[in-house]
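The values are calculated or read from the model by the stated rules, or taken from the named source; none is laboratory data. These numbers were taken from a predicted model, which means no experiment stands behind them. Every residue, glycine among them, receives a Cβ derived from its backbone with ideal geometry; neighbour counts consider all protein chains shown. These accessible areas exclude ligands, DNA and RNA; they are computed on the full protein's heavy atoms, side chains included. Shrake-Rupley method; radii C 1.70, N 1.55, O 1.52, S 1.80 Å.
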Amino acid sequence: MTVKLETVNEENLDPKDWLQTTKLGKQMVEDMMQYLKTVRERKIWQPIPTEVREEFRRSLPLDGMSQQEIYDDFKKHILPYPMGNIHPRFWGWVIGTGTPFGALADFLASIMNPNQGGGEHIANHIETQVLDWFKEMLGYPSDASGILLSGGSMANLLGMTVARNTKIESVRETGLIETGKQFTYYSSVEAHSSVVKAAELLGIGSKYLRKIPVDENFEIIISKLEEQIKQDKENGMIPLCIVGNAGTVNTGAVDDLNAIADICERENLWFHVDGAFGSLVHLSEKYKSMVKGMERSDSLAFDAHKWLFMPYEIAVTLVKDRKAHYQAFVYTPEYLAHADRGVHSADLWYSDYGLQLSRGFRSLKVWMSLKEHGIKKYGRLIEQNINQAKYLENIINNNDRLENMAPVPMNIVCFRMNPGDRDQVALNKLNEEILIELHERGIAVPSYTTLNNNYLIRVAITNHRSELSDFDLLVASVLEIGDELISSGM
Ligand SMILES: *Cc1c(COP(=O)(O)O)cnc(C)c1O
């Protein structure tokens, strides 16, 4: 019996008119390069008007519309309302800026669109190469392993998971309950929220992530750390891992990493370093001694989308013991079996080194960016940001109406305006208002933090576009806004 083929209209998602899409694409590149080139001339941020919010409540599109219309919509309703972090005066939280060439690299990565879960294809070789470069950059041994991830939070989770799965051999099979033991992790009170969340996810529990007090420099107090470990052991608990900070999110403090490494060696604990941004000072000859001891860690987590200025999302975990890293995650069912030849044949499958199976081509923007600028320039930019922080610190110290509220070891400055005639509550209110005005007037975006119950304007500089004059403008604006608020009765 022969099957009669009916005429069917088969479809695909490619453009009907390639020429038109090509033309639009060229226009997009032109517009976006112009947009980046003129970023300094625009306000850093503006509130989203109600009409624009309404645009994003429209219902699900049933039929398609033209690419040109969609792009026009993007330009009208999306592009004018950015977070602001590509602007030279964005210093909120710890946020990176991206680069034009990095964005183009992401475009190329999307065009090739490989899946980096595994297989023998070029993208995986590029990931291997950039991981080798990262090891070299940060003083990690060349036989260490690693993986690219979405961000520092995932990078901390990954390192802290390898710690658990290595130190508790049976845990992948039995879970924690069957061990009948309570395990403990350690970090300082200044550890990032992602470290706490990781401890929760790993079944350790945030209570058993022991948050050790810090000294006046916001660095972990080593004697208290030792005391807590001793006490926990006496109470029948099993210490597994210490998470050291190379650059805390609040103030950029670096723990005494050598002292932590010594404890880990002595107590047979896993040493993980959260070096989200701070670890990168290792690229600066002048400042690298700040993170000495970091190279003694068992795992090191850091972001490339913060202080390497690459477009979101890109972070890294390096793990010194390749076998431990592999054993923590490898799981190969039949449908993922590796073979000797063809696309299955790769020796190394990144899905064996983490939770993600499908993975995007993150390595390309790293590869292209590092080649574009060379690593020396990144070192210079990191020094430039640290020098800018010191410059700002200095202006503040020389103005009797401004107050520096924390040491500035790295690239973070926490300060406030203090006219000298009001209590803590009033000062907090004044500085909160100043910060909001800075945002709403589109001048600059620092964020805030609270140290010892003081509300502080917090400037964290991981921005390759900032110049010294931007900090002059910041200070002048803080004083001007503050004076306005005071004269209006605040
Ligand atoms: C930003 C940050 C993280 C989290 O990284 P993400 O990329 O935002 O997930 C962790 N630790 C520190 C110290 C950070 O500054």
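For this structure, a couple of remarks:
- Per residue accessible area in Å² of the chain, where ligands, DNA and RNA are left out and the probe is 1.4 Å: 51 Å²
- HN-Hα J in Hz across the range 174-186 - Karplus 6.51, -1.76, 1.60, θ = phi - 60°, x for Gly and Pro: 9, x, 8, 4, 4, 5, x, 10, 9, 9, 10, 10, 9
- Using just its DSSP H runs of length 4 or more, each adding -39500 (n - 2.57), the chain gives a mean residue ellipticity at 222 nm of -12500 deg cm²/dmol after division by all residues.
- Solvent-accessible area of GLU432, all protein chains in place: 70 Å² (probe radius 1.4 Å, heavy atoms, ligands and nucleic acids excluded).
- Euclidean distance between Cα centres, the range 161-217 to the range 347-388, Å: 28 Å
- Solvent-accessible area, 1.4 Å probe, carbon plus sulfur percent, for the chain: 52 percent
- Candidates GLY293, TYR312, HIS325 compared by Cα position along the dipole of the range 283-326: farthest toward the positive end lies GLY293, with charges placed on Cβ.
- Under 16 Å of direct C-alpha separation, and excluding same-chain neighbours fewer than eight residues apart, LYS376 reaches these aspartates and glutamates: GLU136, GLU285.
- Entry for the range 247-339 at q = 0.18, 0.20, 0.21 Å⁻¹: log10 I(q)/I(0) = -0.89, -1.01, -1.08, Debye formula applied to identical alpha-carbon scatterers, no solvent contribution.
- Given a 1.4 Å probe and the protein chains as shown, GLU136 ends up with an accessible area of around 150 Å².
- Computed from backbone phi, the HN-Hα couplings of the range 92-105 come to x, 6, 9, 10, x, 10, x, 9, x, 6, x, 5, 5, 4 Hz, rounded to whole numbers (Karplus: 6.51 cos²θ - 1.76 cosθ + 1.60, θ = phi - 60°; Gly and Pro given as x).
- Pairs from LYS26/LYS365; LYS181/LYS230; LYS286/LYS377 whose Cα-Cα separation, in the structure shown, is over 18 Å: LYS26/LYS365
- Exposure check, 1.4 Å probe, all protein chains in place: CYS264 carries approximately 10 Å² of accessible surface.
- The lysines within cross-link reach of LYS292, meaning a Cα-to-Cα straight distance under 16 Å and a gap of 8 or more places when in the same chain, are LYS135.
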